[in-house]
Structures are given as structure tokens and as C-alpha cells.
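Note sheet for the following structure.
The values are calculated or read from the model by the stated rules, or taken from the named source; none is laboratory data. Not measured: the values here are computed from a predicted model. Cβ: placed from backbone, ideal geometry, glycine included. Neighbour counts: every protein chain shown. Heads up: the accessible areas ignore ligands, DNA and RNA and are worked out on the full protein's heavy atoms, side chains in. Shrake-Rupley method; radii C 1.70, N 1.55, O 1.52, S 1.80 Å.
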Amino acid sequence: MTSLCHARIAGTGSFLPPRRLTNGDMVAMLARRGVETSDQWIVERTGIRARHFADTGVTSSDLALQAAQQALEAAGRRAEELDLIIVATSTPDMVFPSTACILQRKLGVHGCPAFDLQAVCSGFVYALAVADSMVRAGSARCALVVGAEVFSRILDFDDRTTCVLFGDGAGAVVLEASPVPGILASELHADGRHLEILCTPGTVSGGRVLGDPLLKMDGPAVFKLAVGVLESAARAVLAKAGRTEADLDWLVPHQANIRIMHSTARKLRLPADKLVATVAEHGNTSAASVPLALDVAVRSGRIRRGDTVMLEGVGGGFTWGAVLLDY
Ligand code: ACO
């Protein structure tokens, strides 16, 4: 009998809500509130040109469902075959139950473990590493790993330093047991000393919202930490897998800021055309950003079977991590 001791991505999927807002739309929307910004500032500082916002009433699990169905189809799998569902999100449908349980119900299946993972913009990388461990341990053979967010719900549209940066969306992969890797290595880290530089500090208590329920970010502090940890995580995961930068076909980093992505690619001596960048069209979709970018690159034929791909996440917590895989 062949031993299935590795995990490989069998299929990818993604979904963006149809409402697309260009920088021009944001400029007009913020102007009505007396908040000044410009297309030029947003493009020059971030690389973002547009983002998608979900309509009122559309939740993370709605976006996750569309992405999951696409990933299942690409993998040639039925929802009934899933034996694990992990949803990475910071914008869950409810306090509880988890968005993963809601997604499981929307997929029309039941029985398999389903849980959310909260690591903000590193959420998908964390979730993929956890699913990989469970597959390699033999406790799952066909896992659905999703990043889904409706960040538009937690944006402060009076704060121009944050509200122009984020968007909504979902990305998903089906991870299955395989005799060959697949996922080669992963690196996960967190440093809670930096909680305050990126947070949504509000909570629900006694039937009321306590504290501020909108996103707060010290952009320059996050920028500085991000460029350092993305390089160290990349080098550590390559060393763990016994690979070097020269083995990399693609870098799929968290899509927060094109300047951070270019800096990481430069440090790894990776040509710009090996960097998958979707931030211009998606904005920062937090946990959804890496699987969304991965799916776009797979569907456009850029990432092909056998390519070596590095996924990298960085975000609130402070959290960061990398997953190296042969696609
Ligand atoms: N429009 C016009 N001007 C603006 C805007 C805006 N939307 N936002 C800020 N400015 C102004 C500021 O007020 C400031 O003006 P001043 O010099 O007169 O004070 C000036 O632009 C520069 O502001 P900075 O904040 O220093 O701009 P910076 O170049 O650092 O860019 C940015 C800000 C884009 C947020 C950047 O710091 C960044 O990308 N940080 C990292 C974000 C990130 O990686 N997040 C990942 C994780 S996200 C998560 O986990 C949820």
C-alpha cells in the first residue's frame, strides 16, 4: 500500500464580491465625508488601484462558499469528501459559531471537524500549515482551507490612513494526502508585544460594543516590521526545506503594499516577474489575500504543476509566516 504522508494542493478557487470601487470612487466617497485623499497618493504609496466591497448582508461565509466550490471543482472533489474545514478570518459572520461551521452547512455537509483560525493577514498561511500538519499526521486526507474577509465592515471611513487600503474577498485550496510533497516546509511566528500597531480593539460585552470596533493601524511601524520578518521567514523556510532562493519559481506574498512585496523579492534576489501581485486590483483582503493571489496565478496559467512556490503572510498580532510548496 502506498503511504500518503505528504499534503499537496489539489485545487484552488477564489471569489471577489462584484462591487468594485476604484481609487476615484474612494476619493469621491471620502470627499462626501470631508476626508481628503487622491488616486496618486494611493497608487504611489501602496500600488492599489481598486478593491471590492461586499454588499450589506453578504458575509465572509458567503464569499468563502463561492471560493470553496471553485476549489473543490478544480480538485475534482465533492464537498462530501472533505474531512477537515479551516477558515482563516478576522471578520467572522458571528461571535460564534465559527464561520467554518457556517460554511460547512452552506456546503451541505456535516460531521468533519470545522474551525476558524485567527491570525489576521497571516491567517491563511497559518491555516495551511495547520492543515498540512493534520494531513501528515493522518488525521485528515482531504482538507478545505479558506481565507475569507469582509474588511469593509471594520473600516473607519474617516481615517484615510487605513480605509483606502483594504477590500473584501475569499480564496480557498483543497489540500489532499499524497505520496509526494506538496507542502515542503512552513514557518509560523507571532510577537504579541506589537498588539497595538494593528488592531480592532472593540468587543461585545453585556449586549453592547465595548471599545472601538474599527481597524487601527500604525502604518509605518507595520511597514518596518513587515519587511524584516518577511525576509527572515522566507530564508528560514527555504533552509528548513533544503532549498535556496534560486529554486523559487514564484513568490506569493500577502498583498498589502507593492513596496513591501518588491522589497521582499529584491532581498531574495527574485526577478519582479516571479512576484505574484494582485494588490492593484484587490487591495489588502487580509486572510483572503494569499489564496486569492494564488488562485489568480494558477488560473491565468502562470503557476503550473511542479513549480516551487513560496506563500508569505504578515499581519496583526503581530503574526507572520511562510509556506514553501511544490505546486
Ligand atoms: N491620502 C492622502 N494622504 C494620506 C493618506 C491618504 N489615504 N494616508 C496618509 N496620508 C498622508 C499622511 O497624513 C502623511 O501626511 P504628513 O506627512 O503630512 O503627516 C503622509 O501621507 C505620509 O503618511 P505615512 O503613514 O507616513 O505614509 P507611508 O508612506 O508610511 O504609507 C501605508 C502608509 C501605505 C499605510 C504604509 O505605511 C504601509 O503599507 N504599511 C504597512 C501596511 C501592512 O503591511 N499591513 C499588513 C498587515 S494588514 C493586517 O494584518 C490587517
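Give me the residue from region 101-116 that is free of Cβ contacts under 8 Å to residues at least 24 places away in the same chain and on the phi < 0 side of the Ramachandran plot and, out of that set, surrounded by the most Cβ atoms within 10 Å (Cβ to Cβ). Give the derivation first.
Keep residues of region 101-116 that are free of Cβ contacts under 8 Å to residues at least 24 places away in the same chain, which gives 101, 104-105, 110-111.
Still in the running and on the phi < 0 side of the Ramachandran plot: 101, 104-105, 110.
Details: Cys101: 20, Gln104: 24, Arg105: 14, His110: 10.
Going through the qualifying residues, I end up with Gln104.
Determine, yes or no, whether Leu188 is open to solvent by 40 Å² or more (accessible area, probe 1.4 Å), within 16 Å of the ligand (Cβ to nearest atom), assigned to a strand (DSSP E or B) and at pLDDT 95 or above. Write out each step before concluding.
On the way: open to solvent by 40 Å² or more (accessible area, probe 1.4 Å): yes; within 16 Å of the ligand (Cβ to nearest atom): yes; assigned to a strand (DSSP E or B): yes; at pLDDT 95 or above: yes.
So Leu188 passes the test.
If we keep just the residues of region 247-256 that are crowded, with 17+ Cβ neighbours inside 10 Å and part of a loop (DSSP other than H, G, I, E, B), which is nearest to the ligand (Cβ to nearest atom)? Explain how you work it out, then say what you get.
Initially, region 247-256 is screened for residues crowded, with 17+ Cβ neighbours inside 10 Å, giving 248, 250-256.
Narrowing further to those that are part of a loop (DSSP other than H, G, I, E, B): 248, 254-256.
Details: Leu248: 21, His254: 6, Gln255: 9, Ala256: 3 Å.
Within region 247-256, the match that is nearest to the ligand (Cβ to nearest atom) is Ala256.
Do the conditions hold for Thr264, that is, is it touching a Phe, Trp or Tyr at 6+ places or on another chain (Cβ under 8 Å) and within 14 Å of the ligand (Cβ to nearest atom)? Outline the logic, then answer.
Numbers: touching a Phe, Trp or Tyr at 6+ places or on another chain (Cβ under 8 Å): no; within 14 Å of the ligand (Cβ to nearest atom): yes.
No.
Evaluate region 129-147: report whether one residue or more is within 16 Å of the ligand (Cβ to nearest atom) and crowded, with 24+ Cβ neighbours inside 10 Å. Lay out the reasoning, then the answer.
So in region 129-147, the residues within 16 Å of the ligand (Cβ to nearest atom) come out as 147.
Pick out the ones that are also crowded, with 24+ Cβ neighbours inside 10 Å and you get 147.
Looking for residues that are within 16 Å of the ligand (Cβ to nearest atom) and crowded, with 24+ Cβ neighbours inside 10 Å, one finds at least one in region 129-147, hence yes.
Output the residues belonging to region 267-279 that are of a type in the set (A, V, I, L, M, F, W, C) and either within 11 Å of the ligand (Cβ to nearest atom) or in contact (Cβ under 8 Å) with a residue 24 or more places away in the chain (or both). Break it down into steps so the answer makes sense when it comes.
Taking region 267-279 first, the residues of a type in the set (A, V, I, L, M, F, W, C) are 268, 270, 272, 275-277, 279.
Once the filter is applied, which keeps residues that are of a type in the set (A, V, I, L, M, F, W, C) and either within 11 Å of the ligand (Cβ to nearest atom) or in contact (Cβ under 8 Å) with a residue 24 or more places away in the chain (or both), region 267-279 yields Leu268, Leu270, Leu275, Val276, Ala277, Val279.
Go through Val229, Val222 for me and flag whichever is in a helix (DSSP H, G or I), within 19 Å of the chain's Cα centre (by Cα) and within 27 Å of Asp39 (Cα to Cα).
Numbers: Val229 fails: within 27 Å of Asp39 (Cα to Cα).
The match here is Val222.
Among the residues of region 233-240, is there at least one that is under 18 Å from Phe124 (Cβ atoms), touching a helix residue (DSSP H, G or I) at 6+ places or on another chain (Cβ under 7 Å), open to solvent by less than 30 Å² (accessible area, probe 1.4 Å) and within 15 Å of the ligand (Cβ to nearest atom)?
no
Which of the residues spanning region 95-126 are within 16 Å of the ligand (Cβ to nearest atom), in a helix (DSSP H, G or I) and small (Gly, Ala, Ser)?
Ser122, Gly123
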